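A short worksheet on the structure shown next.
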């Protein structure tokens, strides 16, 4: 009788039960024609990667292949670490206008939206994103945690997900807004007011599976004296309490902060990442560097949404698009810690989120740095630097490949044709 034997009780009798021996997956040997070494910032030729039990065990020009290994030939390709999108919304399918957003919350049930989220998760993986930080469910409660668990249990394909669940805003400062007071409508976030309520709400989100905590620092954007300003949502006392409680429970905090006022408030509160950040000034960027705070700029969506939002009553969005480019260029010059994030879900999942790379390069980031922002830097943001972000021995076998050279044409990353996550090939 092969396998492990264990004793079980069945109506008082001792029963011997044979469990089948678990077969280890065969080792894999990947031959890479060009390997992007993101740590050294160079491309290596004719490298071999050995994968065993979902982990990278050897990398180099001369390695010893394990017996009975399966060979994957990527000798005509450029091989990179699995990409990380640090700002996604799998429970949202595009909200260019307020009407797009309202329709999803009013006409689609949470189960229906979760079904659509499983498709979004698969899309992310097929596009080469083996890990994502999903920054709130937009009214779909804790459905992101359910999708994450389904992926971890191999029920559905998808990336490794770091969830932030519901996000926070105060009363009256986040959609749905503008409807009759007689109607009880869904909330796009968890509404919190007051220090005690905020601390309890943070604990609740952690209880139900939040890996990150997100809150909305600002709203109502306007330009004055060439600077993008905003209305701040939380008093400093409340924002600090939110961050303190999250940190006490071992969770990092992401803050939606677009205008300079919202960014300043988020930095005073001690957040770990600023999302969007169109209104960065030189002083605020300097403060980011001093504090070591990460910036996730989400450039592409600003361009994607600008025209439609301007036409539906928000002309400032056209100015915001230009101001973000200026802020991004200044942030590069000051060496702010920039991580790749797209806000996909804010634009439809049918659009490849890897378009963000081209905008980063167009705005002055060298292609290797753009790749690093979605590998090493994003892994560091997620506190997964020991497991993710590079093709190195001891790290998870998250590997993607493209046919061309992304260092000469960054748009190659929109055409990922090979995807491996944890040593499992999902696309080839």
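Length gain on complete extension for the stretch residue 61 to residue 222, per 0.36 nm per residue less the alpha carbon to alpha carbon distance?
52.4 nm
Modelled label-to-label distance, residue 156 and residue 46, 7 Å Cα→beta-carbon offset: nm?
About 4.5 nm, to one decimal.
Under a 10 Å cutoff between Cα atoms, tell me which one of 75, 408, 273 has the largest fluctuation in the Gaussian network model of the chain.
Its mean-square fluctuation being the largest, the pick is 408.
Which one of 209, 139, 250 has the biggest mean-square fluctuation once the chain is modelled by GNM with Cα springs under 10 Å?
Highest fluctuation among the options: 250.
For the range 83-353, give the share of DSSP beta bridges that are antiparallel, in percent and rounded to the nearest 5; count only bridges with both residues there.
Counting only bridges with both partners in the range 83-353, antiparallel ones make up about 15 percent.
Please report Rg over Rh for the chain, where both radii come from the alpha carbon positions and Rh follows the Kirkwood definition.
1.01
In a Gaussian network model over the chain where Cα atoms closer than 10 Å are linked, find which of 220, 290, 34 has the largest mean-square fluctuation.
Maximum fluctuation in the GNM of the chain, among the listed residues, is at 290.
Compute the distance in nm between two label points, each set 7 Å from the Cα along the Cα-to-Cβ direction, one at residue 107 and one at residue 26.
Spacing of the two 7 Å Cα→Cβ label points: 5.0 nm.
Determine the gain in length on full extension of the stretch residue 369-residue 179; use 0.36 nm per residue of separation and subtract their C-alpha separation, reporting nm with one decimal.
63.9 nm
If I model a spin label at residue 312 and residue 333 as a point 7 Å from the Cα along the Cα→Cβ vector, what separation in nanometres do I get?
3.6 nm
Taking only Cα atoms, what is the 0 to 90° angle, nearest 10, from helix 236-248's long axis to the longest principal axis of the chain?
Helix 236-248 sits roughly 10 degrees off the main axis of the chain.
Can you tell me how much longer the chain between residue 303 and residue 247 gets when fully stretched, taken as 0.36 nm per residue apart minus their C-alpha distance, in nm with one decimal?
16.8 nm
For the residues 237, 244, 136, what sequence is obtained by ranking on other C-beta atoms within 10 Å, fewest first?
237, 244, 136
Could you give the angle, 0 to 90 degrees to the nearest 10, between helix 299-311's Cα long axis and the longest principal axis of the Cα atoms of the chain?
Computed tilt is about 40 degrees.
Would you mind checking the tilt of helix 195-207 against the longest principal axis of the Cα atoms of the chain, expressed as 0 to 90 degrees and rounded to 10?
Approximately 20 degrees, to the nearest ten.
Got the relative contact order for the range 83-353 handy, in percent, Cα pairs under 8 Å and 6 or more residues apart?
For the range 83-353, the relative contact order is 20 percent.
Using Cα centres only, tell me the gap between the range 264-340 and the range 76-120 in whole Å.
The range 264-340 and the range 76-120 have Cα centres separated by 22 Å.
Can you classify the range 178-327 as rounded, prolate or oblate using the Cα gyration tensor, where a ≥ b ≥ c are the square roots of its eigenvalues, rounded means a/c under 1.5, and otherwise it's prolate if a/b beats b/c and oblate if not?
The shape class here is oblate.
Taken together, the values in this text are just the output of simple stated rules run on the coordinates, not laboratory data. Here the structure is a predicted model, which is why all the values come from computation and not from measurement. No Cβ is skipped: glycine too gets one built from the backbone with ideal geometry, and neighbour counts run over all protein chains shown.
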